[in-house]
């Protein structure tokens, strides 16, 4: 069989490195790999479908699935997962606890970003702060002209306004014209800007408590395969899933080899043991079934926040060829 020459766009993570350096192959594919930031990949994928295989925003993909589908089919390889207690920054001179956000102005780079869906879920479920309780202000973290990458229609009780022309939400937070900021990246601020910090002073403790109560490890990004390619080659999504799963397994194998630390950070061995103790050996699971609780929680919040026109299911989000795998 002649291999397919396909473009692959992903972030430069340890769990994608084996695909990027070629030590793990996608069956039947000759890849041309690009390592790009999530913002660039998502913009180019959802606006122009530029890649054959790529990392995708879970939220944006859920919007498209609820609308009947987009240019990609989903693969349940969760290349980005994160507890989003670290995503909420506040004016510490005004906001002392989550409930203080009621009636306040909160900046977001895009309302529908996956990190923001999870952060709003935390605020609503654990502290009773509903999206309708907040005045949302949309603007870029650094670039004031950042647009929403896909169009959304919000419920009537959700108040969303654009930041003033030429103003980023980072600048507005520093000035105090907004009270808080929720985003996957920290605000871009001058060094030692006063009165700005995390809403949760110990976000690791907050996240551990959240996981113990819910069993949810938030998913941020999935993998997509161009729909026309999946229709022409039904084996392709399954082959992509297999390769991403093997690359993740390779990353964990290397991380567990403590003869020489693979990450430029101390205490990795201890953190790895901590994660396994809290979340089990397969703490960064791929596939629908291990992640069902997390996926269903996300879809429920995504719909209740008015981002998806209907409640979607895990099975319809991902190509049938990825729903199960062979066993020996």
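Any read-out appearing in this document is the output of simple, stated calculations on the displayed coordinates, not a laboratory observation. Computed from a predicted model, the values in this text were never measured in an experiment. Cβ atoms come from the backbone with ideal geometry, glycine included; neighbour counts cover every protein chain shown.
For the reader, a short list of remarks on this structure follows.
- Between 0 and 90°, nearest 10: helix 203-214 axis offset from the chain longest Cα axis: 70
- Bridges between two residues of region 84-214, per DSSP, are antiparallel at a rate of about 40%.
- Contact order for the chain, expressed relative to its length and based on alpha carbon pairs under 8 Å spaced 6+ residues apart, stands at 27 percent.
- C-alpha center-to-center spacing [region 257-286, region 1-49] in angstrom: 25
- Modelled label positions at residue 3 and residue 227, each set 7 Å beyond Cα in the direction of Cβ, lie 2.9 nm from each other.
- Of 236, 295, 36, the residue with the greatest mean-square motion in the GNM of the chain, using alpha carbon springs below 10 Å, is 36.
- Taking a ≥ b ≥ c as the square roots of the eigenvalues of the Cα gyration tensor, the chain is classed as prolate, since a/c reaches at least 1.5 and a/b is larger than b/c.
- Point-to-point label distance, residue 310-residue 267, nm (Cα→Cβ direction, 7 Å offset): 4.8
- Inter-part distance where region 56-102 and region 153-194 are each reduced to a Cα centre, Å: 16
- Compared with the dominant Cα axis of the chain, that is its longest principal axis, helix 114-127 is turned about 50°.
- The slack between residue 193 and residue 258, meaning 0.36 nm per residue of separation minus the straight C-alpha distance, is 19.6 nm.
- Cα shape, region 74-204, gyration tensor, a/c 1.5 rule: rounded
- Rounded tilt (10° steps) of 268-279 against the dominant C-alpha axis of the chain: 90
- Residue with peak Gaussian network fluctuation, the chain [Cα springs, cutoff 10 Å], from 76, 190, 147: 190
- Our summary gives region 84-214 a relative contact order of 39 percent, counting only alpha carbon pairs under 8 angstrom and 6 or more residues apart.
- If both residues of a DSSP beta bridge must be in the chain, then about 45% of such bridges are antiparallel.
- Simple spin-label estimate for residue 323 and residue 293 in nanometres, 7 Å along Cα-Cβ: 2.3
- Note on 60, 188: ascending count of other Cβ atoms within 10 Å places them as 188, 60, the fewest first.
- Over the residues of the chain, the helix contribution to mean residue ellipticity at 222 nm works out to -10500 deg cm²/dmol, using -39500 (n - 2.57) for each DSSP H run of at least 4.
- Exposure proxy shown here: for 84, 292, 138, the number of other Cβ atoms within 10 Å sets the order, fewest to most, as 292, 138, 84.
- Residues 267, 83, 217, sorted so that the one with the fewest Cβ neighbours within 10 Å comes first: 267, 83, 217
- GNM remark for the chain: springs join alpha carbons under 10 Å apart, and the peak mean-square fluctuation among 214, 294, 258 falls on 258.
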